[in-house]
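The values are calculated or read from the model by the stated rules, or taken from the named source; none is laboratory data. Just so it is clear, the structure is predicted and the values come from calculations on it, not from any experiment. Reconstructed Cβ throughout: ideal geometry from the backbone, glycine too, with neighbour counts over all protein chains shown.
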Amino acid sequence: MCAKLCAKGSVTCLGLNHRSELNQFNLADDLFEPFRPYLDLYVMNNFSNASLTDLDPVTKAKLVDVLNQDISISSDRKNSHRRTVLSATESVVIEFSRRMKEEKVVLELPLVIPDLGPGEEMDERSLE
């Protein structure tokens, strides 16, 4: 994501919410935040605590595979479409760059948690 931001001419140390003077990637951190709940849920559903303490090659491969998982992204929750996590992060960077030039702030972001009705609880099926 950071390389894509640089390619689009963004100054990555200038974030929207992240403002650490020691962090050269504040903007990338900000744009990645909407993906964090999905990644947390992926790790929670696919790994036990024990498997993450020993990062062997198989575990590392499973962690990297999260980039190939499909997620829904949308700017309005009504017209969502499916993309891989990797493709969605690239789309966020492209949209962010375009929106900054047009001075618009609406981005297509991941839809991680679906709208739940009264009494409904989220489980793995909610993500499909």
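Each residue in the range 8-57 was checked for being under 26 Å from R83 (Cβ atoms) and among the β-branched types (V, I, T), and 2 pass. Scanning the range 2-30 for residues that are under 23 Å from D65 (Cα atoms) and in contact with a Phe, Trp or Tyr (Cβ under 6 Å, 6 or more places away or on another chain) yields a single hit, C2. Counting only helices (runs of 4 or more DSSP H) that sit completely within the range 1-94, those holding 1 or more residues that are under 23 Å from L111 (Cβ atoms) and without any contact (Cβ under 8 Å) to a residue 60 or more places away in the chain correspond to 26-32, 36-46, 57-64.
Yes/no per residue for (1) of a type in the set (K, R); (2) modelled with pLDDT of 85 or more:
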| residue | (1), (2) |
| --- | --- |
| C13 | no, no |
| S51 | no, no |
| K60 | yes, yes |
| L63 | no, yes |
| S91 | no, yes |
| E95 | no, no |
| E102 | no, no |
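Evaluate the following for L107: is it closer than 16 Å to K8 by Cβ and modelled with pLDDT under 70? So L107 fits the description; yes.
Looking across R36, R19, one residue alone is of a type in the set (K, R) and surrounded by fewer than 12 Cβ atoms within 10 Å (Cβ to Cβ). It is R19.
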